[in-house]
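Take a look at the structure set out below.
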Amino acid sequence: MQIGRKLWRWLDEPYAINTIGAIAGAFITGFVLIPKTSTKFTLIVASAICLIVAGVAYQPAATLGDLALRRALSVGLTACARRRVDSHDTADESW
């Protein structure tokens with residue numbers, strides 16, 4: 001019975017934090033970001049926050065030297081940067 005309680009406690013806290021974050025994110029997006037800026041800017045901000053959180057949360061094993069992972073990350077980041085530069089060159093400055 002003690003193991004079951006520990007398991008539920010281990011699962012409850014991240015679930016509660018996720019729920020609070022979802023509520024706050026929906027509120028901020030709907031009532032602050034979109035009305036004050038634009039949908040495009042809101043999507044860029046949300047994407048940036050997701051990438052930052054993923055980068056902070058990712059904790060690889062100390063002995064992991066996965067070349068394919070490094071290659072995939074570098075290709076993905078390069079593609080994101082390239083798209084950002086290309087869209088900035090051709091986009092209007094409305095946002």
Could you please let me know if Leu33 is surrounded by 10 or more Cβ atoms within 10 Å (Cβ to Cβ), part of a helix (DSSP H, G or I) and modelled with pLDDT under 85?
no
Working only within the range 26-51, note down all residues that are under 18 Å from Arg84 (Cα atoms), small (Gly, Ala, Ser) and free of Cβ contacts under 8 Å to residues at least 12 places away in the same chain.
Ser47, Ala48
Filter pass, Thr42 being surrounded by 10 or more Cβ atoms within 10 Å (Cβ to Cβ), among the β-branched types (Val, Ile, Thr), at pLDDT 80 or above and farther than 24 Å from Gly25 by Cα:
no
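The values are calculated or read from the model by the stated rules, or taken from the named source; none is laboratory data. For clarity, every value in this text was computed on a predicted model and none was experimentally measured. Note that we place each Cβ from the backbone using ideal geometry, even for glycine, and neighbour counts take in every protein chain shown.
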